Amino acid sequence: MPRSPWVSPDVRGGGLGNEMPQAELHLAFDGFGARETSSDASFDNHPPNRVSHAPDYVPNGVT
């Protein structure tokens, strides 16, 4: 289940970018039985890359 979220500029910085993937992953694994997911962000897009360095995320390479 690939994901590439976008958060509106007027609500950025409020934690939604951290809550959204947690909810999506819960739905993917517990709701749909997913075995893996992926998340993409440009190398210079720092906020989503910080989210991707949260606990339980495993790097899968650089493209």
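The values are calculated or read from the model by the stated rules, or taken from the named source; none is laboratory data. None of the values given here were measured: they were computed from a predicted structure. Here the Cβ positions follow ideal geometry from the backbone for every residue, glycine too, while neighbour counts run over all protein chains shown.
A few comments on the model shown:
- Taking the conditions (1) polar (S, T, N, Q); (2) over 9 Å from the mean Cα position of the chain (by Cα); (3) at pLDDT 70 or above in turn, Ser52 satisfies each one other than (2).
Quick grid of which residues meet (1) within 17 Å of Tyr57 (Cβ to Cβ); (2) surrounded by 11 or more Cβ atoms within 10 Å (Cβ to Cβ); (3) at pLDDT 85 or above:
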| residue | (1), (2), (3) |
| --- | --- |
| Met1 | yes, yes, no |
| Pro5 | yes, yes, no |
| Asp10 | no, no, yes |
| Leu16 | no, yes, no |
| Gln22 | yes, yes, no |
| Phe29 | yes, yes, yes |
| Ala34 | yes, yes, yes |
| Asp40 | yes, yes, no |
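- Only a single item in (1) assigned to a loop (DSSP other than H, G, I, E, B); (2) loosely packed, with under 10 Cβ neighbours inside 10 Å; (3) at pLDDT 75 or above; (4) not basic (Lys, Arg) is not met by Gly61, and it is number (3).
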